[in-house]
Structure formats: structure tokens, C-alpha cells
There are 2 protein chains.
Amino acid sequence: MSYVNSMPRYEILSEDAMATLDKGWRRIVSELGVEFLLPEAVEYFRAAGQTVEGENLVKFDPEFILEQVAKAPREFDLQARNPAHTVHVGGDHMAFASVYGCPFVRVGDERRDATMDDFENLVRLSQAFPELDSPGGTICEPNDRPLDSRHLDMVYALQTLSDKPYMGSVTSGPNAADTIAMTEILFGGREAIERTPAVMGLINVNSPLRFDDRMLGALVEYTKANQPVIVTPFLLMGAMSPVSIPATLVQQMAEALAGIALTQLIRPGAPVVFGSFLSNTDMQSGSPSFGTPESAIGLLCTGQIARSFGLPFRSGGALNASQTVDAQAAYEALMTMLPTFLAGTNWVMHSAGWLEGGLVSCYEKFIVDIELLRMLKYEFTPLEIDEESLAFGAHEEVGAGGHFLGAMHTLERFRECFYRPLLSSTENFDRWTRNGGLDATARAANVWRETLEHYERPEIDEGVRAQLEEYVIRRRAELGD
Amino acid sequence: MSYVNSMPRYEILSEDAMATLDKGWRRIVSELGVEFLLPEAVEYFRAAGQTVEGENLVKFDPEFILEQVAKAPREFDLQARNPAHTVHVGGDHMAFASVYGCPFVRVGDERRDATMDDFENLVRLSQAFPELDSPGGTICEPNDRPLDSRHLDMVYALQTLSDKPYMGSVTSGPNAADTIAMTEILFGGREAIERTPAVMGLINVNSPLRFDDRMLGALVEYTKANQPVIVTPFLLMGAMSPVSIPATLVQQMAEALAGIALTQLIRPGAPVVFGSFLSNTDMQSGSPSFGTPESAIGLLCTGQIARSFGLPFRSGGALNASQTVDAQAAYEALMTMLPTFLAGTNWVMHSAGWLEGGLVSCYEKFIVDIELLRMLKYEFTPLEIDEESLAFGAHEEVGAGGHFLGAMHTLERFRECFYRPLLSSTENFDRWTRNGGLDATARAANVWRETLEHYERPEIDEGVRAQLEEYVIRRRAELGD
């Protein structure tokens, strides 16, 4: 079961601020409206009495949106084919998925197009590390596979190389339907996955204030099947939203809530996640920035806002804009990931492997990020403070000016007493030099190679696997690839 | 004036936990006691009615300690010779000083003994960056100067190459007296610095439960002159304290409060700071670890504890155990520095330049840390959320599916709207490669070199400078160097 963050939430918005933001999103949805580029979606809203202008623009009664949003569950399970890996989404739970959507990979000093081999390797790494609850979905783009059918290859790899929950194709309604069909095969039928959802879909808004037809097609498919979607406004301030955090927050509320309302019209009570992908443009280079102060603030606010609507939320990750796995990659990643824990994010995408603004899935960065996750999960565990933990006996034993290394209290506990790093080194300089003087990135390369060497494919029923393979072969042929 | 952190404090200790910790330190000071290896210190306590066993061990009535602690000011100013650089210590103020105490320096790939030239360069960098409130004191050890008189060289460099507040020598009572004498010269006499303190002393406890004679000698000198000391238990769990965070916290309280009580016996109302240097030993390598989950938890607790006694506190910094300026150096530094802001630490040592567990002052790490400070100060600034910040006009202007880059709202604000990095790069891969493919550490080298090139020595009255120089020359001769 997924990690529970029982530490306090760090909330920075006052009641006044929340009230101002509340006015803001209401004004946007009612006065400006939101465009839905799929007629079926528009029809749902028209039928429910909302105002439709032209073919696509829907203007909302904010109270109507809130009524729909209230139908969504506050928390839900996302089942894995290995029940031990089923995750709970919402409440104090936090679940972590790998990087998603990168066309390139970086391995050491090489940066190149991602391939299906990379996809499979990164899924294996996601399976191997218990810090991750899910490989996510498009962990990198398998550019060596045909575009029209590669979603089948990806879902098959996610299903067979890992036994954790996964994310499905969202590139179109039919691709989502393929994902759902394969998920039905894996979990034993439609009823099994309608009862407990088994695949998650990432629905990005074409911000500002527009949902495109392909993403909406996928949203409709997943929601009809009772599978959760993450409705995620895609907001780089200065490009897709104004150069103002409050303005961006209200836009995020307007877009996410409008999309969530649609899911509840399609299937009341369907699981859904309030999504956030919020950073800013570097106004000097015109490129996206990640791990910025603005994104950290936005993240803390997003948690507080999503909770106020009683919705599980997605945000955070190990985001950064760095071109290589250097100090910047690390501090930007942590500048996002630590606030992710402070906010108590329920579903964290891009938790491992993200580099270069999300263009690159990086093997070494994957390991750096796993170390960050391990440290933060350890850190965000409430301290037990009781008589025993005060260890007065140890103080009596050692006395003034003594040393605790050889104390009985220490000897009884030294294996378990502290966090043990996966990657970080405390070797003294001489020893470190003798051992090759490897920096963290070089050591990370050793870690992922060794992890892949020891990877064990989780068992799967051969009949089910064969059915999945048949489905992929049949559909690939139908798609002409 | 120093930075004010108006964001909420992140407090993780319940009332019950605080009560348990309170019992813990009381038991240590009353049943085990604390050793003071300076007869003068013991006499203060004996005269005040505390129990002395043998020559050095003092057993306390905890209420007596609290009565003394209550005499210390909650906040105070530390004046700079440039009044614009005077800092306020306590309350919501945070002041940042450079790395302190390193025998080695690292420049690029070279690691070597630190010299007086390094000392001066690092003071110049501390002066140049407004993110730092103080160069600190022993920013590195000037190993090429005679041991007995190098404190004079250091104080002279701090006083003349910077016009920010500085930290003085604590290696002995006489060296502290030299520091105070030179501070009197710089600020126009004893009365001027007794009125508003002008130099800070770092008094480390020889933990567990022992103050050595040299540090106590310095504590006595500074306190008599009404200059603040930071009473800092030096706690690496597993070596100087038990392998338990709660046990270490109560030891820290016992040691710090006992030392602070001494200052208030020497001079009631003298400014003093509750110090914390708390991390853990890597039980596998036996080396100190920094930037660990344990140290972050300890830091958050320390802030809450110090506030409960009404004392300004010192903790945090850009600590790490890494041997080089890599991903580990960055994430460990931020893993300490972000909690430093969450805790609202009043005086932050080791804010820039710390590497390799504090053995190394590193030029490139200095710049990485400055970037972290800049980002965090920006991040820990309350968001203004009002009608104007909602920028509804921008949403009206751009509409659904548009782009904000060319919007009037953006054009009017693009220069000021976001954090502008000093070091971080968002260049796309092609451009970054064309520009040499420099990682953050290589770029940091360019930043510090350029900063030193543009450094301007702050003006100083030539008569005062000559007096300081005379003092150094005379005392150096007296010390036989």
C-alpha cells in the first residue's frame, strides 16, 4: 500500500486569499467560459443546462460545477495486478510514478532518441525500486516503433515488466479504448476494473481554457469505464497563463474543475484527480523553467486548494531544466520534490528520471531521484518521542566528554538507527579518491546498471500474457503497422 | 537590514512531545550535570547556589537555568560598520553567514590547504553577494600564517575587505580579547560596541556535556563586553550524542541552556544565541553525514524548541558530505537549507561554500549556495493575492487557446515578474552545447571569477585602518610571530 504522509501540511494561503481565489475562478468560468473541442462533451454540458456559445464555448454556473465536483470520490484505490502494489489515491497517501512523456533519453554523456529498449529498461527500474508506486505511462517515447500502434507496445510492456499500477494512452479515444481493453484482459474483465479502477489517464488541458478533442476522447473513454483521469491544466506562466501566480491559480481551478465536472456528468462518482503542472517561462530565454520558487509556491497553494474541494490532487515531481545531471538538476528537483511532500501531493508524476525540462528521460537522474524519494519518505515520518527515545541510560553510560560510538545503546541500534543512503557518499577524500573519485552521477550509473542486472520480471499467468500479446498483434495489424 | 521570513513556521512537535523533551533536559542537567573546564565558570555557578562536584561538574536546578535564560534578550541588533548592513538577530529575521572553519579549499578540480589569499577572496565574495549578511569568521584556515597570530590577520581581513558584521576568534580568551579590542577600534570605542553589539562568537560545546577551557575563556570575554555568543552543542549522533533524535534534542537543550545560563550570570541581559549543529554519523563509514533526513528533522525541532525559550537560534546551512560539487552536494545542501527557511533560523552559518563535511571551503559551491539562498528568499515571501493579481484583464485579452507571451499584461511585467537565476540555465540543448556545454559547477567558476574581478573594497577611514594595522603588528610581535 502506498506511503502515508502523516506530517503536517504546510499551508500558506489565508482565508482571505482563498476567498479571493474563489471569486477568481468563478468569474473565469462564468464570464469567459471554457472551450471543449469535442461535440460529445459540449452536449453533456448543454443537456445539463449550461450556456453554450458557438460550437465549443461553455459558460458555467459555478454552483453547477461545484455540484458536479462534489460527486467525485475524495479517495479511491488504484489496483495493481500484484495486490501488494495496489495504491490508495487521496487523503494522506502519496503515490509516486516515474517520468512521463520524454522524446529523448540520456545515458551518461550520450543524449539520443528514446527507443522501445529504453522504455522497457525504465519500466524495469520502476518495478525494481520500492520507492516508486508506478512506472507511470509514457516513461519515454519508443521512437523506433510505429506511431499509430506504439501505445499497444507501451501498455504491454507496462503490464508485463511491472506488476504495479500504470497509466494508459491518452493520445485519442480509440487508444484509450485499447488501453482499457488490455486492462480488462489483465484484471479479468470489465466488471473487475469498474469495481476497482486499474489504470489512470493523464488528461492535459490545452491551456488556456481549452480542452482538445483527442484528450477529451480519452477522458470520455476512461471515465465511462470508471477509470480515473488526472485533469491537468498545463500552465507555464507567461505562455499558457498570465505572469502572476494568483491569476494562474484561478485559471488552474477554472480548467481543472470544469474538466472534473465533465467526468461527473459522464459518470457520477467516477474517480478523478485535480491535476497541476505549474511552472513559469524564463522570460530571458523564452524556455520553460522548473524547480523555480514560483513553481514551489504554486505547488503549496495547489495542495491547499485541491483539499478545499475534497479532491485528490496531482502535482510535483523531480522537475528541473538542467541539460545534465549536475548540481542544478539536483537542487531544482529537490526544490520541487520537498514542497511536494510539504503539500502532501496524492499522485506524483515525474518522480524519477526527469531531465532537461521533461525532454529527456535520464537513467542517472532516475537514481538521483530515487535517493531523494527515499530521504524524503524517511524525513516525513513523524518522530516518536517517548521516555525510551530519550535514551537517558545512554547518557548515564557515556557521561561528560565521552563517545557514543562504543556505547551499548549504540551497538544495539547501529544497523537501523539512521537513514542508509543508496547513492550518497560520506567517504573521506583519500578513500573516495582511491575508489576512483566518482561523483554522484557516475555512481548513479553503477546503481542503475546493477539494478537492471538483478531485475526479475514479475510472474504473470501465461494465458493472460498470451491474450495480451494476441490483442497487440491483432490491433497492430488493424492499425496498419 | 536582514531578511524577514514572514511565511509560516513548519512545526512538527506536539505539546506532548514538547513536554517529554522538557522532562528530558531537566533530568540531564540535574542528575548528570555539565562539566565546565574553566574555574571561573564553575565559580559563577557555585556562587549562584548550584551544586559543584569535583572541580568541574555542575549539577543544576532546572528552574535556576530557566531564570537565567529568561534574562537574555529575545532579539538584538548586530551592528555593521556600514549601517545599511546591520542585522537584526531574532524574531522573524534570518541572517546568513558564509562557511566557517575549513582547513582546505577546493577550486575546480584542485583541493589543497587553504591560504590567507583564499581567506581574503572568500571574504570578498561574501561582501559582494547581498544574499549574505556576514562573511562569518574563519571562512577558511589561513594555513600559511603563523598559528598564534593568524586570528589577527583574519579579523583584520574581515574588518577591511567587508563592511558587514563578522564573527570573531574563539580559540582562547586572549584571542577573543584581541577581536574585541580591534572591534572597539573599528566602531569607535568600548561604549559603542557595548551599546550595540558588533561581533559574534561561536562557542562550540565539547559534547557530550562538557565545555572546554579555551571556548569558555572566549565566552567570558565576549559576554563581559556584551557581544553575543552562539552556544552550540556539537552533535553528530552516534558520536557526541545517542543514536536517537529525541535523546539528542534533550542533550542539545541541556548543553545550550547551561551555557546560556552562564552568560546571564556573567552579564545579565547579554545577547546570546541558542546554537545547533546537529547531524548524524554514517554508521557504515563512521564519517559524519550532512543533509540527512535526521538533520532536517532535528533542525525543524530545534526552531520550535528555541522559540519556546524565547531565544534567537542558529542552525542550518548548505551542509553536505560530498567530495565534489555534484548532484549530492546540491541536494544535501538544499535538504538542509530548505528546512532552515521552514524553521525560520535566525542566524545561519555555513550558508555558502561548505563542502566535504566542512573540511573544504569551495569556490564553486559558494556560488551554488548563493543561488539556493536567492531562490529561497524569493520563495519564502508571502504571495500577495488581491484583485489586481488575478489579472482578469489578461485572461480577457488572450482568451481560450491563446498565448500570453505577447499579451499587454505580460509585456508590462516581463522584466520583474519572475525570479531571475544567477547560475541556473534554461538554455535548450543545442544552444547549451554550442555555448560549451558547461554544467552548473563550471558556470559557477565563471561567476565567482567575474565577481572577484568586479569586487570593490568598501571604503574605510584611513586613520582607523592604520590603527587596526598597528594593533595587528604590535600583537603579532608580542605573540612572537
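Before we move on, is A:GLY480 among the small types (Gly, Ala, Ser), open to solvent by 40 Å² or more (accessible area, probe 1.4 Å) and at pLDDT 95 or above?
No.
Go through the residues of region B:362-373 one by one and say whether even a single one is open to solvent by less than 10 Å² (accessible area, probe 1.4 Å) and farther than 26 Å from A:SER322 by Cβ.
no
Need at least 2 residues that are open to solvent by 30 Å² or more (accessible area, probe 1.4 Å) per element, so show me which helices (runs of 4 or more DSSP H) inside region B:121-206 make the cut, counting only ones lying wholly within it.
Correct list: B:173-187, B:190-195.
What pairs come up if the first residue lies in region A:17-41 and is within 9 Å of chain B (Cβ to nearest Cβ) and on the phi > 0 side of the Ramachandran plot, the second is among the aliphatic types (A, V, I, L, M) and open to solvent by less than 10 Å² (accessible area, probe 1.4 Å), and their beta carbons are under 6 Å apart, counting only those six or more places apart or on different chains?
Hits for this filter: A:GLY33/A:VAL58.
State whether one or more residues within region B:215-224 are buried (at least 24 other Cβ atoms within 10 Å of the Cβ), under 21 Å from the mean Cα position of the chain (by Cα), of a type in the set (Asp, Glu) and within 14 Å of chain A (Cβ to nearest Cβ).
Looking for residues that are buried (at least 24 other Cβ atoms within 10 Å of the Cβ), under 21 Å from the mean Cα position of the chain (by Cα), of a type in the set (Asp, Glu) and within 14 Å of chain A (Cβ to nearest Cβ), one finds none in region B:215-224, hence no.
Taking the residues in region B:421-442 that are open to solvent by 80 Å² or more (accessible area, probe 1.4 Å) and facing chain A (nearest Cβ under 9 Å) as candidates, determine which candidate is farthest from A:SER289 (Cα to Cα).
B:ARG431
Considering region B:269-305 alone, what residues qualify as being assigned to a loop (DSSP other than H, G, I, E, B) and under 27 Å from B:PHE76 (Cα atoms)?
B:GLY269, B:ALA270, B:PRO271, B:SER276
Would a scan of region A:402-416 turn up a residue that is at pLDDT 95 or above, at the interface with chain B (Cβ under 7 Å from one of its Cβ atoms) and either under 24 Å from the mean Cα position of the chain (by Cα) or surrounded by fewer than 15 Cβ atoms within 10 Å (Cβ to Cβ) (or both)?
yes
Inspect region B:387-396 for any residue being open to solvent by 10 Å² or more (accessible area, probe 1.4 Å) and in contact with a Gly (Cβ under 8 Å, 6 or more places away or on another chain) and give the result as yes or no.
Scanning region B:387-396, I find at least one residue that is open to solvent by 10 Å² or more (accessible area, probe 1.4 Å) and in contact with a Gly (Cβ under 8 Å, 6 or more places away or on another chain), so the answer is yes.
Based on this model, can you work out whether A:LEU468 counts as touching a residue at least 12 places away in the same chain (Cβ under 8 Å) and part of a helix (DSSP H, G or I)?
Spelling it out, A:LEU468 is indeed touching a residue at least 12 places away in the same chain (Cβ under 8 Å) and part of a helix (DSSP H, G or I).
Here are some conditions: (1) under 18 Å from the mean Cα position of the chain (by Cα); (2) open to solvent by 30 Å² or more (accessible area, probe 1.4 Å); (3) within 20 Å of B:SER162 (Cβ to Cβ). B:PRO103 meets all but one. Which one does it not meet?
Checking B:PRO103 against (1) under 18 Å from the mean Cα position of the chain (by Cα); (2) open to solvent by 30 Å² or more (accessible area, probe 1.4 Å); (3) within 20 Å of B:SER162 (Cβ to Cβ), the one that fails is (3).
Of all residues being among the aliphatic types (A, V, I, L, M) and assigned to a strand (DSSP E or B) in region A:11-53, which is farthest from B:GLU11 (Cα to Cα)? Just the residue, please.
A:VAL52
Looking only at region A:49-64, how many residues end up being open to solvent by 40 Å² or more (accessible area, probe 1.4 Å) and within 32 Å of the chain's Cα centre (by Cα)?
Adding up the residues that qualify gives 4.
Please determine whether any residue of region A:429-448 is touching a residue at least 12 places away in the same chain (Cβ under 8 Å), in contact with a helix residue (DSSP H, G or I) (Cβ under 7 Å, 6 or more places away or on another chain) and within 29 Å of A:LEU147 (Cα to Cα).
Yes, there is a match, as at least one residue in region A:429-448 is touching a residue at least 12 places away in the same chain (Cβ under 8 Å), in contact with a helix residue (DSSP H, G or I) (Cβ under 7 Å, 6 or more places away or on another chain) and within 29 Å of A:LEU147 (Cα to Cα).
How many residues does region B:225-235 contain that are assigned to a loop (DSSP other than H, G, I, E, B) and surrounded by 22 or more Cβ atoms within 10 Å (Cβ to Cβ)?
3
Which of the residues spanning region A:236-268 are of a type outside the set (A, V, I, L, M, F, W, C) and either part of a helix (DSSP H, G or I) or at the interface with chain B (Cβ under 7 Å from one of its Cβ atoms) (or both)?
A:GLY238, A:SER241, A:PRO242, A:SER244, A:PRO246, A:THR248, A:GLN251, A:GLN252, A:GLU255, A:GLY259, A:THR263, A:GLN264 - these are the residues of region A:236-268 that are of a type outside the set (A, V, I, L, M, F, W, C) and either part of a helix (DSSP H, G or I) or at the interface with chain B (Cβ under 7 Å from one of its Cβ atoms) (or both).
Would you confirm whether any residue within region B:156-170 is over 17 Å from B:THR86 (Cβ atoms) and within 17 Å of the chain's Cα centre (by Cα)?
Among the residues of region B:156-170, at least one is over 17 Å from B:THR86 (Cβ atoms) and within 17 Å of the chain's Cα centre (by Cα), which makes the answer yes.
For A:GLN284, all conditions in the list (1) over 23 Å from A:GLN252 (Cα atoms); (2) surrounded by 24 or more Cβ atoms within 10 Å (Cβ to Cβ) hold save one; what is the number of the exception?
(2)
The values are calculated or read from the model by the stated rules, or taken from the named source; none is laboratory data. The structure displayed is predicted, hence computed values, not measured ones. Reconstructed Cβ throughout: ideal geometry from the backbone, glycine too, with neighbour counts over all protein chains shown. With ligands, DNA and RNA removed, areas are computed over all heavy atoms of the protein, side chains included. Shrake-Rupley method; radii C 1.70, N 1.55, O 1.52, S 1.80 Å.
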